Amino acid sequence: MAKQLINISVKVQKADIFTGAGDLLAVGVFEDMPIHSLIKQLDKQLGGDIEKVQKLGDFEAKAGSTCLLYSAGKIKIARILLVGLGKRKDLKTETVRQAAAMVASKAVDLKAKTVLLSLHNDIPGSVKLNTQQLGQILAESACFGAYRYDEFITDKKSKRPTSLTAIIIDSDSKKILQLRKGVAAGIITGQAQNFARTIANRPTNVINPVTLAAEARKLAQGISGLRCTILDEKQLKAKKMGGILAVGQGSATPSRLIVLQYTPPGASKNAPAIGLVGKAVTFDSGGISLKPGAGMHEMKFDKSGGIAVLGAMQAIAHLKPKTKVYGLIPSAENMPGTGSYRPGDIVTTYSGKTVEIQNTDAEGRMILCDAIAHAEKLGCKTIVDIATLTGACVVALGQKRAGLMGNNDKLIEQLKSASNKTGERVWPLPCDDEFVEEMKSKIADLKNVGGKWGGACTAAAFLSQFVEKAKWAHVDMAGVGVWGADKNDAPGSIGFGVRLLTAFVLSR
Ligand code: BES
Ligand code: MG
Ligand code: ZN
């Protein structure tokens, strides 16, 4: 690859906004608290510049707004970024996340190497975050905002820094310790998420089932407690994983089933495990049921569910929860060709169930059904799958929320609570018997497409038929995985699912 991505680190320092040293100082300002004592002091030192921009109406401290000031030697740091947090009583966790990400992003744009963050003062109780959680959120968001995907850009003029250090400053020694604890965790999830974004952003001529498997193996080699087994096409054939094989058979690159295994220190052999299953279709052309040309390039992101699992396994293996976790990533390239599976084919899946193919573009469920059945064979009592599964889910929920379905209310609640903690939003959808009915075939056990309506629900209902006893939930991230990026985010993958899955596993 052409070059290294930005190396991001996050630290906590005992300092205030006058004593810290760096290239940029970011200070949070509430819309309704212009008299905030620290800001007042700062303004005094700057000779009233803050009051001036406020009077001019150039900076009202609305959430999402910023104002850059130059200190011209009046204080130690040359650049000051006022960061609007909106009205104090309206502050949401998400506002803090967005503010920290925006600061890190501006720091990269300004080619700063060190940015000081003073964003977490006077956070109202209504936000329900303790200092440690604040530290985690600031670290995660700083990692998120500083991310750029430019490994293929060869233009030497676009000189961005090779590294960024974000320093959270606080003058209260008691808070420093808590902040540091949070940052330690936040940097793990933040970096895992950025790792996921890079792999997801890489095009299909770089990441295919075989090279993705190599990335997973490399990941496991670098972390203790994490193991990687890869089933190649020979082993997939021997195990009769007909779904994964069918989807990949039209491609020059063969399919793989990647199995990552995290074992906690001192785990007993028969401890119940959690299975995370992610769809990694490294390119979805639709196959013989070819997709229209417009936007087809975005189907390189059809591996995003699998990569969310890859990123989550990285974070989990570093954070070392007490539960055993399997990360299963079925990977195939869905291509038209003389060897492709066809509409009308009947495929025997790993479970033994047969599926009549009515549309080769409904391929995600065909690889997931084998991996879900395999997860249960491995001993997973709880299974969560995540996939860019249906356009219908995007139609239903838009680009900010993933669909959440499953067979167990408690599990759904646990995922919702992980979602609330991490800001990766999910929304419940049904997938009960009515939808299962639609997936029955007249000539096989099931067919791979339902009727015209409720496509996200019928897809999930199909998957439910491959779960025997396990508690199972399904996250359809088609909307957030491919086009989810906000206008402020770096173009490409946002690494959705890494924080959600990690928080879910850690909460158990
Ligand atoms: N990968 C697509 C789903 C998708 C669509 C992801 C848009 C991201 C954005 C999936 O494999 C697919 O093609 N689904 C079909 C299913 C249909 C044929 C039943 C769809 O949604 O159209
Ligand atoms: Mg498809
Ligand atoms: Zn697909």
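The values are calculated or read from the model by the stated rules, or taken from the named source; none is laboratory data. Because the structure is a prediction, the values reported are computed rather than measured. Every residue, glycine as well, gets a Cβ built from its backbone with ideal geometry; the counts of neighbours run over all protein chains shown.
Here 361, 409 are screened, and the one residue that is of a type outside the set (A, V, I, L, M) and within 16 Å of ligand 2 (Cβ to nearest atom) is 361. When residue 381 is tested against (1) in contact with a Lys or Arg (Cβ under 8 Å, 6 or more places away or on another chain); (2) among the basic types (Lys, Arg); (3) within 14 Å of ligand 1 (Cβ to nearest atom), only condition (3) is not met. Candidates in segment 457-469 are the residues that are farther than 12 Å from residue 432 by Cα and crowded, with 20+ Cβ neighbours inside 10 Å; of these, the one that is nearest to ligand 3 (Cβ to nearest atom) is 466.
For the criterion of being under 20 Å from residue 359 (Cα atoms), within 16 Å of ligand 2 (Cβ to nearest atom) and among the charged types (D, E, K, R), residue 447 passes.
Within segment 393-437, can you find the residues that are under 12 Å from residue 460 (Cα atoms) and buried (at least 19 other Cβ atoms within 10 Å of the Cβ)? Answer for segment 393-437, where residues must be under 12 Å from residue 460 (Cα atoms) and buried (at least 19 other Cβ atoms within 10 Å of the Cβ): 393, 403, 404, 405, 406, 429, 431, 435.
Being at pLDDT below 95 and within 16 Å of ligand 1 (Cβ to nearest atom) is a property that holds for residue 482. Close Cβ contacts (under 6 Å, 6 or more residues apart or on different chains) running from residues in segment 364-381 that are over 22 Å from residue 300 (Cβ atoms) to residues that are part of a helix (DSSP H, G or I) and within 16 Å of ligand 2 (Cβ to nearest atom) comprise 369/243; 370/243; 370/244.
Whether a residue is part of a helix (DSSP H, G or I), away from ligand 1 (no atom under 16 Å from the Cβ), touching a residue at least 12 places away in the same chain (Cβ under 8 Å) and of a type outside the set (Phe, Trp, Tyr) was assessed, and residue 245 passes this test.
Restricting segment 328-351 to residues that are in a loop (DSSP other than H, G, I, E, B) and within 16 Å of ligand 1 (Cβ to nearest atom), the residue that is surrounded by the fewest Cβ atoms within 10 Å (Cβ to Cβ) is 344.
Taking segment 127-225 as the region of interest, none of the helices (runs of 4 or more DSSP H) fully inside it holds 2 or more residues being in contact with a strand residue (DSSP E or B) (Cβ under 7 Å, 6 or more places away or on another chain) and modelled with pLDDT under 95. For segment 302-327, a tally of residues being touching a helix residue (DSSP H, G or I) at 6+ places or on another chain (Cβ under 7 Å) and either surrounded by fewer than 24 Cβ atoms within 10 Å (Cβ to Cβ) or hydroxyl-bearing (Ser, Thr, Tyr) (or both) returns 6. Applying the criterion of being of a type in the set (A, V, I, L, M) and assigned to a loop (DSSP other than H, G, I, E, B) to the residues of segment 352-371, the residue that is nearest to ligand 1 (Cβ to nearest atom) is 362. For segment 262-269, state whether one or more residues are within 15 Å of ligand 2 (Cβ to nearest atom) and either more than 26 Å from residue 194 (Cβ to Cβ) or in contact with a helix residue (DSSP H, G or I) (Cβ under 8 Å, 6 or more places away or on another chain) (or both). Taking every residue of segment 262-269 in turn, none turns out to be within 15 Å of ligand 2 (Cβ to nearest atom) and either more than 26 Å from residue 194 (Cβ to Cβ) or in contact with a helix residue (DSSP H, G or I) (Cβ under 8 Å, 6 or more places away or on another chain) (or both).
Look through 72, 101 and report the one residue that is crowded, with 18+ Cβ neighbours inside 10 Å, small (Gly, Ala, Ser) and either in contact with a Ser or Thr (Cβ under 9 Å, 6 or more places away or on another chain) or farther than 22 Å from residue 164 by Cβ (or both).
Numbers: 72 fails: crowded, with 18+ Cβ neighbours inside 10 Å.
Within the list 72, 101, the selection yields 101.
Within this structure, residue 376 fails the test of being within 30 Å of residue 262 (Cα to Cα) and within 14 Å of ligand 1 (Cβ to nearest atom). Restricting attention to segment 230-285, the residues being buried (at least 16 other Cβ atoms within 10 Å of the Cβ) and within 16 Å of residue 379 (Cα to Cα) number 11.
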